[in-house]
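Participant: After the structure tokens below, expect a handful of questions from me.
Values in this text are rule-based calculations from the coordinates and carry no lab data. Everything numeric in this text was worked out from a predicted model, so none of it was measured. Using ideal geometry, Cβ is built from the backbone for each residue, glycine included, and neighbour counts are taken over all protein chains shown.
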Amino acid sequence: MVKLKSLRRASVEKLISAENDSPTADVDSILLSLGFSKSDIIIGEKEITPKAHENFQNALERLLAGEPVQYIVGGCEFMSLWFKVNSSTLIPRCDTEILVEQLIEKLNGKAVNILDIGTGSGCIAISLAHYLPKSKVLSVDISGNALKTAKENALLNKVDSRCNFEKCDIMNQIPNFLPDVIVSNPPYIPSQDIDSLDRKVKDFEPLSALIGGGEDGLDFYRRISADMPLSPKGILAFEVGIGQAADVAEIMSRRFENIEIKKDLSGIDRTVMGNLK
Ligand code: GLN
């Protein structure tokens, strides 16, 4: 039987040659998902059983083929909560935590109705429900499979009694719900830019969650800003792609005021938020 230490070293080397950019973290996530503890992994003296070794090798093959580790282990952390993810959902990004944190701060525990448009794994909706225990959330998505995952995540995080899920094609339908807050991280990448994305993203993440409508990728922002019902002075909060914040602020300015743009941890303008006029 092989010791964790040598297995870990050999796999990290293979991943480095395959140009994986987070080899140690990926190997460790797989070992954790196989039931090893963090100290088992650091000490490295434990031996891996033949069955676990086989599972590890399968996971390593997938990593070597470029698949994101979150899909291989079936989940990831977001806002210190665990979310299941699969090929029907985008992998939650730490940039999106900025949007959620900003809303939690702004809403300050108030009892609000929140609409999350394009919920995917449900990471935004469910984190808001968790950190704002008086809130109620409606999550909509065009993908039935994404909604199924989001529902499982609401159960997993024990907020299912305050979360509802509805299939909705937002470009053609309007949910029958009057929210105080609309939040959305819609697909925003212009279709002509898809080729320039990292292979890990474009080959494995759902394209429908990535490609925004219209030449500039901003059609979801136009539709949501112009047409979604919102209670008086209600909040609209978006995540945006690189270089889109000013255009989205302009789109919002017809119906919204107090528009604020905030940066992510890399200094990129990442969220745009405002109040209904
Ligand atoms: N709301 C989800 C997230 O932020 C999904 C976003 C999307 O699919 N565009 O991860």
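Participant: Would you pick out the residues in region 136-145 that are over 19 Å from F78 (Cα atoms) and of a type in the set (S, T, Y)?
Facilitator: S143
Participant: With a cut-off of at least 3 residues that are away from the ligand (no atom under 14 Å from the Cβ) and free of Cβ contacts under 8 Å to residues at least 40 places away in the same chain, name the helices (runs of 4 or more DSSP H) lying wholly within region 166-268. Please lay out each step first, then the result.
Facilitator: Values: elements: 199-204, 219-227, 245-252.
Passing ranges, in order: 219-227, 245-252.
Participant: Next question. Check E45, E67, E101 and return the single one that is within 21 Å of the chain's Cα centre (by Cα), among the charged types (D, E, K, R) and surrounded by fewer than 16 Cβ atoms within 10 Å (Cβ to Cβ).
Facilitator: Numbers: E45 fails: within 21 Å of the chain's Cα centre (by Cα); E67 fails: surrounded by fewer than 16 Cβ atoms within 10 Å (Cβ to Cβ).
The unique qualifying residue is E101.
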